[in-house]
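The values are calculated or read from the model by the stated rules, or taken from the named source; none is laboratory data. Please read these numbers as outputs of a predicted model, since none were measured by experiment. Note: ideal-geometry Cβ built from the backbone for every residue, glycine included; neighbour counts use all protein chains shown. What goes into the accessible areas is simple: the full protein's heavy atoms, side chains included, and nothing from ligands, DNA or RNA. Shrake-Rupley method; radii C 1.70, N 1.55, O 1.52, S 1.80 Å.
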Amino acid sequence: MPSPADMYESMFVPAIFRPLSRHVLALAAPRLGERVLDLACGTGIIARQVAPLVGGEGRVVGLDLRPGMLAAASKLTVPYGAPIEWVEGDATTLDFAPGSFDLVICQQGLQFFPDPAAAVAEMKRVLAPGGRAVIACWRTIEHHPLWSKMAASEMRLMAAIGANASDAVAPFALGDAGELRAMLEAAGLRDVAIVERTVEVDFPADGFVRDQYVAYAAVMPQFVADPAAFDAFVAAVERDSKEAIDSFTADGRVRFPMPSHIATARA
Ligand SMILES: C[S@@+](CC[C@H](N)C(=O)[O-])C[C@H]1O[C@@H](n2cnc3c(N)ncnc32)[C@H](O)[C@@H]1O
(Lines give C-alpha, C1' and ligand atoms only; values in the text may rest on other atoms or scores of the structure.)
Protein backbone atom coordinates (compact mmCIF):
# COMPACT_ATOMS: atom_id res chain seq x y z
CA MET A 1 0.00 0.00 0.00
CA PRO A 2 1.41 3.49 -0.83
CA SER A 3 1.83 5.74 2.18
CA PRO A 4 -1.26 7.85 2.96
CA ALA A 5 0.70 11.06 2.23
CA ASP A 6 1.89 9.72 -1.16
CA MET A 7 -1.69 8.66 -1.96
CA TYR A 8 -2.94 12.09 -0.88
CA GLU A 9 -0.42 13.72 -3.25
CA SER A 10 -1.03 11.38 -6.21
CA MET A 11 -4.80 11.19 -5.92
CA PHE A 12 -6.38 13.97 -3.85
CA VAL A 13 -4.10 16.79 -4.99
CA PRO A 14 -4.70 16.51 -8.76
CA ALA A 15 -8.43 15.80 -8.37
CA ILE A 16 -9.32 18.17 -5.54
CA PHE A 17 -6.66 20.39 -4.02
CA ARG A 18 -4.85 21.66 -7.12
CA PRO A 19 -8.13 22.72 -8.82
CA LEU A 20 -9.28 24.38 -5.59
CA SER A 21 -5.89 26.09 -5.17
CA ARG A 22 -6.46 28.01 -8.43
CA HIS A 23 -9.47 29.73 -6.85
CA VAL A 24 -7.65 30.27 -3.56
CA LEU A 25 -4.57 31.77 -5.24
CA ALA A 26 -6.69 34.01 -7.48
CA LEU A 27 -8.17 35.53 -4.32
CA ALA A 28 -4.89 35.57 -2.38
CA ALA A 29 -2.92 37.17 -5.26
CA PRO A 30 0.61 36.69 -3.82
CA ARG A 31 3.00 39.43 -4.95
CA LEU A 32 6.75 39.59 -5.56
CA GLY A 33 8.72 39.85 -2.33
CA GLU A 34 5.88 38.85 0.02
CA ARG A 35 6.29 36.59 3.04
CA VAL A 36 3.70 33.80 2.86
CA LEU A 37 2.65 31.12 5.34
CA ASP A 38 0.89 28.03 3.93
CA LEU A 39 -0.82 26.86 7.12
CA ALA A 40 -1.64 23.12 7.27
CA CYS A 41 0.28 22.82 4.02
CA GLY A 42 -0.17 19.06 3.59
CA THR A 43 2.01 18.02 0.66
CA GLY A 44 2.52 21.70 -0.23
CA ILE A 45 0.29 22.36 -3.23
CA ILE A 46 -0.18 26.01 -2.18
CA ALA A 47 3.43 26.65 -1.11
CA ARG A 48 4.88 25.29 -4.36
CA GLN A 49 2.69 27.57 -6.49
CA VAL A 50 3.35 30.60 -4.28
CA ALA A 51 7.17 30.26 -4.45
CA PRO A 52 7.52 31.49 -8.07
CA LEU A 53 4.93 34.24 -7.48
CA VAL A 54 6.82 35.83 -4.58
CA GLY A 55 10.18 35.18 -6.25
CA GLY A 56 13.66 34.96 -4.75
CA GLU A 57 13.12 38.05 -2.56
CA GLY A 58 10.05 36.50 -0.95
CA ARG A 59 9.66 33.94 1.80
CA VAL A 60 7.47 30.83 1.80
CA VAL A 61 6.85 28.65 4.86
CA GLY A 62 4.77 25.47 4.69
CA LEU A 63 3.66 24.36 8.17
CA ASP A 64 1.89 21.13 9.05
CA LEU A 65 1.31 18.93 12.09
CA ARG A 66 2.07 15.66 10.32
CA PRO A 67 5.68 14.69 9.50
CA GLY A 68 4.45 12.27 6.79
CA MET A 69 2.86 15.16 4.87
CA LEU A 70 6.03 17.27 5.20
CA ALA A 71 8.22 14.34 4.07
CA ALA A 72 6.09 13.97 0.92
CA ALA A 73 6.12 17.76 0.39
CA SER A 74 9.88 18.11 0.63
CA LYS A 75 10.46 15.36 -1.98
CA LEU A 76 8.71 17.43 -4.66
CA THR A 77 10.61 19.99 -6.68
CA VAL A 78 9.92 23.70 -6.83
CA PRO A 79 10.88 25.01 -10.27
CA TYR A 80 12.07 28.49 -9.23
CA GLY A 81 11.37 31.37 -6.89
CA ALA A 82 11.53 31.48 -3.10
CA PRO A 83 12.99 28.46 -1.34
CA ILE A 84 10.32 26.78 0.81
CA GLU A 85 10.87 26.19 4.53
CA TRP A 86 8.94 23.09 5.66
CA VAL A 87 8.08 23.40 9.33
CA GLU A 88 6.47 20.84 11.63
CA GLY A 89 4.11 22.60 14.02
CA ASP A 90 0.64 23.11 15.39
CA ALA A 91 -1.51 25.82 13.82
CA THR A 92 -2.96 26.75 17.21
CA THR A 93 0.44 27.69 18.71
CA LEU A 94 2.66 29.16 16.01
CA ASP A 95 6.33 29.68 16.69
CA PHE A 96 6.63 32.90 14.63
CA ALA A 97 7.05 36.49 15.82
CA PRO A 98 4.12 38.91 15.46
CA GLY A 99 3.93 40.42 11.96
CA SER A 100 6.12 37.75 10.32
CA PHE A 101 3.93 37.34 7.21
CA ASP A 102 2.12 39.42 4.58
CA LEU A 103 -0.20 36.56 3.63
CA VAL A 104 -1.44 33.45 5.43
CA ILE A 105 -3.25 30.85 3.33
CA CYS A 106 -5.05 27.90 4.91
CA GLN A 107 -6.63 25.57 2.35
CA GLN A 108 -8.92 22.95 3.95
CA GLY A 109 -7.05 22.91 7.26
CA LEU A 110 -8.99 25.03 9.75
CA GLN A 111 -11.82 22.52 10.28
CA PHE A 112 -9.33 19.86 11.41
CA PHE A 113 -7.70 21.92 14.17
CA PRO A 114 -8.75 21.10 17.72
CA ASP A 115 -9.32 24.81 18.40
CA PRO A 116 -9.93 26.64 15.09
CA ALA A 117 -10.62 29.98 16.84
CA ALA A 118 -7.17 29.81 18.47
CA ALA A 119 -5.63 29.15 15.05
CA VAL A 120 -7.39 32.18 13.55
CA ALA A 121 -6.08 34.32 16.44
CA GLU A 122 -2.59 33.00 15.63
CA MET A 123 -3.04 33.87 11.94
CA LYS A 124 -3.95 37.43 12.95
CA ARG A 125 -0.95 37.64 15.32
CA VAL A 126 1.63 36.49 12.75
CA LEU A 127 0.25 38.77 10.01
CA ALA A 128 1.71 42.24 9.55
CA PRO A 129 -0.86 45.06 9.87
CA GLY A 130 -2.91 45.02 6.65
CA GLY A 131 -1.72 41.49 5.82
CA ARG A 132 -4.19 39.07 4.23
CA ALA A 133 -5.69 35.80 5.44
CA VAL A 134 -7.26 33.45 2.89
CA ILE A 135 -9.08 30.43 4.28
CA ALA A 136 -10.91 27.67 2.39
CA CYS A 137 -13.35 25.25 4.10
CA TRP A 138 -15.77 22.85 2.41
CA ARG A 139 -19.43 23.80 2.68
CA THR A 140 -21.55 21.73 5.11
CA ILE A 141 -22.16 18.10 4.17
CA GLU A 142 -25.69 18.55 2.84
CA HIS A 143 -24.12 20.52 -0.06
CA HIS A 144 -22.00 17.45 -1.02
CA PRO A 145 -24.27 15.09 -2.93
CA LEU A 146 -22.16 11.92 -2.72
CA TRP A 147 -20.68 12.34 0.77
CA SER A 148 -24.05 13.25 2.29
CA LYS A 149 -25.52 9.99 0.91
CA MET A 150 -22.62 7.99 2.37
CA ALA A 151 -22.34 9.78 5.72
CA ALA A 152 -24.85 7.87 7.84
CA SER A 153 -23.39 4.45 7.07
CA GLU A 154 -19.78 5.71 7.32
CA MET A 155 -20.50 7.22 10.73
CA ARG A 156 -21.99 3.92 11.94
CA LEU A 157 -18.86 2.04 10.83
CA MET A 158 -16.27 4.37 12.37
CA ALA A 159 -16.12 2.63 15.75
CA ALA A 160 -14.85 -0.58 14.06
CA ILE A 161 -11.62 1.21 13.03
CA GLY A 162 -11.23 2.99 16.35
CA ALA A 163 -12.32 6.37 15.01
CA ASN A 164 -15.04 8.76 16.17
CA ALA A 165 -18.23 9.05 14.13
CA SER A 166 -17.45 12.75 13.62
CA ASP A 167 -14.10 11.87 11.92
CA ALA A 168 -16.06 10.78 8.84
CA VAL A 169 -17.55 14.23 8.37
CA ALA A 170 -14.73 16.37 9.82
CA PRO A 171 -13.89 17.93 6.41
CA PHE A 172 -17.34 19.61 6.39
CA ALA A 173 -17.38 20.77 10.03
CA LEU A 174 -16.77 24.48 9.35
CA GLY A 175 -19.00 24.75 6.32
CA ASP A 176 -21.37 27.38 7.67
CA ALA A 177 -20.41 30.79 6.25
CA GLY A 178 -21.91 32.66 9.21
CA GLU A 179 -19.87 30.64 11.69
CA LEU A 180 -16.68 31.13 9.69
CA ARG A 181 -17.27 34.88 9.38
CA ALA A 182 -18.00 35.22 13.11
CA MET A 183 -14.79 33.36 13.96
CA LEU A 184 -12.65 35.63 11.77
CA GLU A 185 -14.29 38.80 13.07
CA ALA A 186 -13.98 37.64 16.70
CA ALA A 187 -10.20 37.33 16.13
CA GLY A 188 -10.12 40.99 15.03
CA LEU A 189 -9.72 40.36 11.30
CA ARG A 190 -11.51 42.96 9.16
CA ASP A 191 -12.94 43.28 5.62
CA VAL A 192 -14.13 39.67 5.85
CA ALA A 193 -15.62 38.42 2.56
CA ILE A 194 -16.72 34.87 1.77
CA VAL A 195 -17.31 33.46 -1.71
CA GLU A 196 -18.31 29.99 -2.86
CA ARG A 197 -16.25 28.01 -5.38
CA THR A 198 -16.98 24.47 -6.54
CA VAL A 199 -14.50 21.85 -7.74
CA GLU A 200 -15.87 19.09 -10.02
CA VAL A 201 -13.87 16.08 -8.87
CA ASP A 202 -13.24 12.97 -10.92
CA PHE A 203 -11.73 9.67 -9.65
CA PRO A 204 -11.28 6.18 -11.11
CA ALA A 205 -14.24 4.01 -10.03
CA ASP A 206 -11.98 0.99 -9.55
CA GLY A 207 -10.84 1.00 -5.91
CA PHE A 208 -12.63 4.30 -5.24
CA VAL A 209 -13.58 3.63 -1.60
CA ARG A 210 -10.24 2.16 -0.52
CA ASP A 211 -8.21 4.87 -2.26
CA GLN A 212 -10.32 7.65 -0.73
CA TYR A 213 -9.72 6.37 2.78
CA VAL A 214 -6.02 5.64 2.32
CA ALA A 215 -5.55 9.23 1.12
CA TYR A 216 -7.77 10.56 3.94
CA ALA A 217 -5.56 8.66 6.40
CA ALA A 218 -2.86 11.26 5.62
CA VAL A 219 -5.08 13.62 7.65
CA MET A 220 -6.72 10.99 9.94
CA PRO A 221 -4.07 8.28 10.55
CA GLN A 222 -6.42 6.23 12.77
CA PHE A 223 -8.21 4.98 9.63
CA VAL A 224 -5.35 2.63 8.70
CA ALA A 225 -3.93 1.92 12.17
CA ASP A 226 -5.27 -1.65 12.09
CA PRO A 227 -4.98 -3.10 8.53
CA ALA A 228 -7.49 -5.94 9.10
CA ALA A 229 -10.07 -3.58 10.59
CA PHE A 230 -9.43 -1.18 7.69
CA ASP A 231 -10.06 -3.94 5.11
CA ALA A 232 -13.36 -4.82 6.83
CA PHE A 233 -14.31 -1.13 7.02
CA VAL A 234 -13.66 -0.64 3.27
CA ALA A 235 -15.71 -3.73 2.39
CA ALA A 236 -18.61 -2.53 4.56
CA VAL A 237 -18.59 1.00 3.09
CA GLU A 238 -18.43 -0.46 -0.44
CA ARG A 239 -21.44 -2.66 0.32
CA ASP A 240 -23.52 0.02 2.08
CA SER A 241 -22.71 2.83 -0.36
CA LYS A 242 -22.78 0.91 -3.66
CA GLU A 243 -26.03 2.45 -4.83
CA ALA A 244 -24.93 5.98 -3.90
CA ILE A 245 -21.53 5.60 -5.60
CA ASP A 246 -23.07 3.97 -8.69
CA SER A 247 -25.38 6.95 -9.09
CA PHE A 248 -22.28 9.17 -9.57
CA THR A 249 -20.37 6.68 -11.77
CA ALA A 250 -20.13 6.68 -15.57
CA ASP A 251 -17.48 5.33 -17.95
CA GLY A 252 -15.41 3.96 -15.09
CA ARG A 253 -15.15 7.33 -13.30
CA VAL A 254 -16.82 8.66 -10.16
CA ARG A 255 -17.64 12.35 -10.61
CA PHE A 256 -19.27 14.77 -8.16
CA PRO A 257 -19.10 18.44 -7.14
CA MET A 258 -17.36 19.66 -3.95
CA PRO A 259 -18.39 23.22 -3.03
CA SER A 260 -16.14 25.29 -0.76
CA HIS A 261 -16.26 28.64 0.97
CA ILE A 262 -13.19 30.81 0.57
CA ALA A 263 -12.86 33.61 3.10
CA THR A 264 -10.57 36.61 2.65
CA ALA A 265 -9.78 39.07 5.45
CA ARG A 266 -7.19 41.60 6.60
CA ALA A 267 -5.22 41.94 9.83
C1 LIG B 1 -7.14 18.27 4.02
S2 LIG B 1 -5.46 18.53 4.42
C3 LIG B 1 -5.13 20.02 3.51
C4 LIG B 1 -3.66 20.13 3.14
C5 LIG B 1 -3.29 21.22 2.16
N6 LIG B 1 -3.60 22.54 2.67
C7 LIG B 1 -3.88 21.00 0.79
O8 LIG B 1 -4.59 21.89 0.31
O9 LIG B 1 -3.62 19.94 0.20
C10 LIG B 1 -5.50 19.08 6.09
C11 LIG B 1 -4.13 19.25 6.72
O12 LIG B 1 -4.26 19.81 8.03
C13 LIG B 1 -3.17 19.32 8.80
N14 LIG B 1 -3.43 19.56 10.21
C15 LIG B 1 -4.38 18.98 10.99
N16 LIG B 1 -4.32 19.47 12.25
C17 LIG B 1 -3.31 20.40 12.25
C18 LIG B 1 -2.78 21.28 13.26
N19 LIG B 1 -3.27 21.31 14.50
N20 LIG B 1 -1.77 22.10 12.90
C21 LIG B 1 -1.27 22.08 11.64
N22 LIG B 1 -1.73 21.28 10.67
C23 LIG B 1 -2.74 20.45 10.96
C24 LIG B 1 -3.12 17.86 8.40
O25 LIG B 1 -1.92 17.24 8.77
C26 LIG B 1 -3.34 17.97 6.89
O27 LIG B 1 -2.13 18.05 6.20
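Normalised by the residues of the chain, what does the relative contact order come to in percent, with Cα pairs under 8 Å and at least six apart? Can you show the working numbers first?
Values: 539 pairs, mean separation 58.1, N = 267.
This gives 22 percent for the chain.
For the stretch 98-184, what % of the accessible area comes from carbon and sulfur atoms, probe 1.4 Å?
Values: 1770 of 3080 Å².
Using a 1.4 Å probe with all protein chains present, the stretch 98-184 comes out at 57 percent carbon and sulfur.
Quick one: which residues, 5 or more positions from A205 or on another chain, have an amide H under 5 Å from its amide H? H modelled 1.01 Å from N in the peptide plane, none for Pro or chain starts.
Amide H neighbours of A205: R253, V254.
Given springs between every Cα pair under 10 Å in a Gaussian network model of the chain, which of A73, A133, A232 has the largest fluctuation?
For the chain, modelled as a Gaussian network with Cα springs under 10 Å, the answer is A232.
Enumerate the amide H contacts of G55 below 5 Å, restricted to partners 5 or more residues apart or on another chain; note that Pro and chain-start residues carry no placed amide H.
Here the answer is G33, A82, since their amide H atoms fall under 5 Å of that of G55.
Using alpha carbons only, how many angstrom separate the centre of the stretch 170-207 from the centre of the stretch 232-264?
So the separation of the two Cα centres works out to 19 Å.
Identify which of A177, A119, A250 has the largest mean-square fluctuation in a Gaussian network model of the chain, with springs joining Cα atoms closer than 10 Å.
Answer for the Gaussian network model of the chain: A250.
Sort 33-42, 145-154, 215-224 by the packing proxy (mean of other Cβ within 10 Å over each peptide's residues), most packed first.
Values: 33-42: 25.3, 145-154: 17.5, 215-224: 20.3.
Put in order of decreasing packing, that is 33-42, 215-224, 145-154.
Given 20 °C and 1.002 mPa s, compute D for the chain with the Stokes-Einstein relation, Rh being the Kirkwood radius over Cα pairs; round to the nearest whole µm²/s.
Rounded to a whole number, D works out at 113 µm²/s.
Sum up the charges of everything whose Cβ sits under 11 Å from the Cβ of G68, counting Lys and Arg as +1 and Asp and Glu as -1, but leave G68 out.
Working: positive: R66; negative: D6, E9, D64, E88.
Net of charged neighbours comes to -3.
For the chain, modelled as a Gaussian network with Cα springs under 10 Å, which listed residue fluctuates most, F233, F248, F112?
Most flexible of the set in this elastic network: F248.
For V60, which sequence-distant residues (separation of 5 or more, or a different chain) have an amide H within less than 5 Å of its own amide H, given hydrogens modelled in the peptide plane?
Amide H to amide H, under 5 Å and 5 or more residues apart or across chains, V60 pairs with V36, E85.
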